[in-house]
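I have placed the structure first, in the form of structure tokens, so that the comments after it can refer back to it.
The values are calculated or read from the model by the stated rules, or taken from the named source; none is laboratory data. Just so you know, these numbers come straight off a predicted model, no measurement behind them. In this analysis, Cβ positions are derived from the backbone assuming ideal geometry, glycine residues included, and neighbour counts consider all displayed protein chains. When the accessible area is computed, the model is the full protein with side chains, heavy atoms only, and any ligands, DNA or RNA have been set aside. Shrake-Rupley method; radii C 1.70, N 1.55, O 1.52, S 1.80 Å.
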Amino acid sequence: MAHHPKHERTLVIIKPDGVQRTLIGEIIKRYERTGLKLVGLKMLVPTEEMIEEHYLLDPSWKKKVGEKAISSYLKKGEKPPSTDPVEVADSVVVSLKKYMSSGPVIAMVWEGGHAVEVVRKITGDTEPRSATIGTIRGDFVLDSYQMADTDTRAIRNLIHASGSIAEAEKEIPHWFLKKELLNYRVPHEATLYEPVLDTAPR
Ligand code: GDP
Ligand code: MG
């Protein structure tokens, strides 16, 4: 195997609403208790340019975000604001620039087994209204496509988390310099990852 999954890294951003709701500790706890390791952390107010660049790092993101929104409206029997995915995405980008630069955020890099997938699972679906109970977006907030689009703003869902390994690999260097990411060991990594688990007394 080229690269062991235990070295996988993902980007998480606690968005301005997460900081305002004083959920920083709660959110970090949820990722930390899985065994994932925090290898980078900073607080900043992003510029609109940083946000636009961040969301356009993946050229296929626009189409995907538009399609996801349209299908979510149709599933609920509601009318989407447009049937053109790229048109939907263009207005999402405008809203996201305002939302994400509206105040301090916490940017983090988490490392560990299947970090991208595990973090997405804990974070929950994009729309808090339909996110599963037990996920951060399902437990701590209630926003919807319908409310956000009615008020021409981004869905307030507390967190950004990389959607795939490829996305993470582009997003991490957008937010962190190499030297800001720390390599260190924590004892529980042995229990999580060592091929032989042998702690019996002798
Ligand atoms: P994520 O990966 O789950 O965060 O979702 P996406 O990458 O698809 O979208 C990025 C962010 O844009 C989401 O977290 C929401 O804050 C916002 N967003 C996505 N789709 C829509 C939409 O159709 N309408 C509005 N108003 N906001 C959206
Ligand atoms: Mg995304």
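Under 7 Å between Cβ atoms, which residue pairs at least 6 apart in sequence (or on different chains) link something in the stretch 148-167 that is more than 13 Å from Gly124 (Cβ to Cβ) and within 13 Å of ligand 2 (Cβ to nearest atom) with a partner that is among the β-branched types (Val, Ile, Thr) and open to solvent by 30 Å² or more (accessible area, probe 1.4 Å)?
Ala154/Val92
I need the helices (runs of 4 or more DSSP H) fully contained in the stretch 1-93, keeping only those with at least 1 residues that are modelled with pLDDT under 95.
Where helices (runs of 4 or more DSSP H) fall fully within the stretch 1-93 and carry at least 1 residues being modelled with pLDDT under 95, they are 61-75.
Quick check, is Glu32 open to solvent by 50 Å² or more (accessible area, probe 1.4 Å), touching a residue at least 12 places away in the same chain (Cβ under 8 Å), on the phi < 0 side of the Ramachandran plot and of a type outside the set (Phe, Trp, Tyr)?
On the way: open to solvent by 50 Å² or more (accessible area, probe 1.4 Å): yes; touching a residue at least 12 places away in the same chain (Cβ under 8 Å): no; on the phi < 0 side of the Ramachandran plot: yes; of a type outside the set (Phe, Trp, Tyr): yes.
Considered against the rule, which asks whether it is open to solvent by 50 Å² or more (accessible area, probe 1.4 Å), touching a residue at least 12 places away in the same chain (Cβ under 8 Å), on the phi < 0 side of the Ramachandran plot and of a type outside the set (Phe, Trp, Tyr), Glu32 comes out as no.
Could you grab me the full set of residues in the stretch 99-123 that are under 14 Å from Glu167 (Cβ atoms), in contact (Cβ under 8 Å) with a residue 24 or more places away in the chain and assigned to a helix (DSSP H, G or I)?
Selection gives Ala115, Val116, Val119, Arg120, Thr123.
When you scan the stretch 138-153, how many residues do you find that are more than 15 Å from Asp17 (Cα to Cα) and part of a loop (DSSP other than H, G, I, E, B)?
Qualifying residue count for the region: 2.
Keeping to the stretch 154-188, report how many residues are in a loop (DSSP other than H, G, I, E, B) and surrounded by 16 or more Cβ atoms within 10 Å (Cβ to Cβ).
The initial filter retains those residues of the stretch 154-188 that are in a loop (DSSP other than H, G, I, E, B), namely 154-158, 162-164, 176-177, 181-187.
If we keep only those that are surrounded by 16 or more Cβ atoms within 10 Å (Cβ to Cβ) as well, we get 154-158, 162-163, 176.
Number satisfying all stated conditions: 8.
Could you grab me the full set of residues in the stretch 124-136 that are more than 12 Å from ligand 2 (Cβ to nearest atom) and charged (D, E, K, R)?
Result: Glu127, Arg129.
Identify, from the list Asp151, Asp125, the residue that is open to solvent by 60 Å² or more (accessible area, probe 1.4 Å) and under 20 Å from Leu11 (Cβ atoms).
Selected residue: Asp125, the only one of Asp151, Asp125 that is open to solvent by 60 Å² or more (accessible area, probe 1.4 Å) and under 20 Å from Leu11 (Cβ atoms).
Suppose we filter the stretch 128-148 for residues that are buried (at least 20 other Cβ atoms within 10 Å of the Cβ), of a type in the set (D, E, K, R) and closer than 24 Å to Val109 by Cβ; how many remain?
1
When both residues are 6+ apart or on different chains and their Cβ atoms are under 7 Å apart, which pairs have a first residue that lies in the stretch 43-56 and is within 15 Å of Asp17 (Cβ to Cβ) and β-branched (Val, Ile, Thr), and a second that is modelled with pLDDT of 95 or more and open to solvent by 60 Å² or more (accessible area, probe 1.4 Å)?
Correct list of pairs: empty, since none qualify.
Criterion first (touching a residue at least 40 places away in the same chain (Cβ under 8 Å) and in contact with a helix residue (DSSP H, G or I) (Cβ under 9 Å, 6 or more places away or on another chain)) does Arg129 satisfy it?
Taking the combined requirement at face value, the residue does not satisfy it.
Would the stretch 53-72 turn up any residue that is of a type in the set (Val, Ile, Thr) and open to solvent by 70 Å² or more (accessible area, probe 1.4 Å)?
Checked the stretch 53-72: no residue is of a type in the set (Val, Ile, Thr) and open to solvent by 70 Å² or more (accessible area, probe 1.4 Å).
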